[in-house]
Amino acid sequence: MGKVIVVTSGKGGVGKTTSTANLGTALALLGKTVAVVDADVGLRNLDIVMGLESRIVYTSMDVIEKQCELSKALVKDRRVDGLMLLAASQKNNKDDMQPAQMKAICDKLRSTHDFVLVDSPAGIERGFNNASAGADEAIVVTTPDVSAIRDADRIIGLLQHARIEPINLVLNRFSPELVGNGSMMDQADVLDILNIDLLGIVPEDSGVITSTNRGIPLVYEDASPGSQAYMRIARRLTGQRIPIPDLEHKGLLTNIVNWFTRKR
Amino acid sequence: MNISIKQLFGRRPKSSNIAKQRLKLVITQDRMDVDDRFMTRLHNELAEVLAKYFEFSANSVQVSLKQKGNSYVLVADFPYKKFHDINIG
């Protein structure tokens, strides 16, 4: 039986979809069977971020309306073994789906996959309720800024209320330089406020933009710092004990050298 | 006054610290589902009761909710000048 993990945040634009795409791909690269589910009905994006947009025929709504079997609606990612995408319907809206229907889909997927990652829409309303309905665990994605953290705290409260646990944090777009000069909260500050466990830190990486442009998740590129961070997080999800590197203790010079010597 | 002296003679406080303090305050209030009006009312009523027992300067009073690990504490800071000479009980 696989695990169903909802990837959520409250605030939009903090990297939920990027994180879902990369963690799903990373888990498949580690040999796991993975289904990634786009729960953002009406505003789907996981397909385009993963580069699978041209291959979507059926969506979760077709499965719910019994237009097709679940297995038929899953799009296989041909670049890696064991990775499937279930797209959201673009012509429906969030109220067309019931939490129980999403839960039924997640329960079916968990019987055939090691991991089911559900990409939640932003917000705390119906879309979030649908996305989290079938989840055992949650990954809360936030960036180190006040609005994202405040919204993350709201979502954590709702997840706790729904008895979804563990709730782990991914701190995204972390800039060691800004933390170093006191312009950005560090992980200790964020954890002190949110009071949940840290699953990983993803450094700011311009590679995310180019990988999204191309529809090729960052984790296919070994050298990128974002890619390495997502691979470490995926390993932790599989139960491996991988320490979280202390990104902020690197000096500015080290970071500059790393930036110039990385492969692009 | 306090802030302007600091700005004149020292460095400005790091914005990350300001962010953290602001967040802690607002998130504690979010979690407790209390707003500014509630806090003001609590402040005023506490002051009303405490004024019976001792003297304090109204502008130095601070009433706030703080997070302590997994729980919350109400911190009421009433720096007293002197106790009133009354018999309690």
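The values are calculated or read from the model by the stated rules, or taken from the named source; none is laboratory data. All values derive from a computational prediction rather than experimental measurement. Please note: Cβ atoms are built from the backbone with ideal geometry, for glycine as well, and neighbour counts cover all protein chains shown.
Only strands (runs of 3 or more DSSP E) whose full extent lies in segment A:1-90 are considered here, and the ones with at least 1 residues that are polar (S, T, N, Q) are A:3-8.
Pairs are defined by a Cβ separation below 6 Å, a sequence spacing of at least 6 or placement on different chains, a first member in segment B:19-35 that is at the interface with chain A (Cβ under 10 Å from one of its Cβ atoms), and a second member that is part of a loop (DSSP other than H, G, I, E, B); the pairs so defined are B:Ala19/A:Met185; B:Lys20/A:Met185. Taking each residue of segment A:81-96 that is over 25 Å from A:Thr112 (Cβ atoms) and looking for partners that are basic (Lys, Arg) and outside any loop (DSSP other than H, G, I, E, B) with beta-carbon atoms closer than 7 Å, six or more apart or interchain, yields A:Lys94/A:Arg126; A:Asp95/A:Arg126.
Would you confirm, using the coordinates I've provided, whether A:Asp38 is in contact with a Cys (Cβ under 6 Å, 6 or more places away or on another chain) and either surrounded by fewer than 19 Cβ atoms within 10 Å (Cβ to Cβ) or at pLDDT 95 or above (or both)? So A:Asp38 does not fit the description; no. Within segment A:177-209, the set of residues being buried (at least 16 other Cβ atoms within 10 Å of the Cβ), of a type outside the set (A, V, I, L, M) and under 26 Å from A:Val49 (Cα atoms) comprises A:Gly200, A:Pro203, A:Glu204, A:Asp205, A:Gly207. Regarding segment A:114-136, can at least one residue be identified that is at the interface with chain B (Cβ under 10 Å from one of its Cβ atoms) and free of Cβ contacts under 8 Å to residues at least 60 places away in the same chain? No, because not a single residue in segment A:114-136 is at the interface with chain B (Cβ under 10 Å from one of its Cβ atoms) and free of Cβ contacts under 8 Å to residues at least 60 places away in the same chain.
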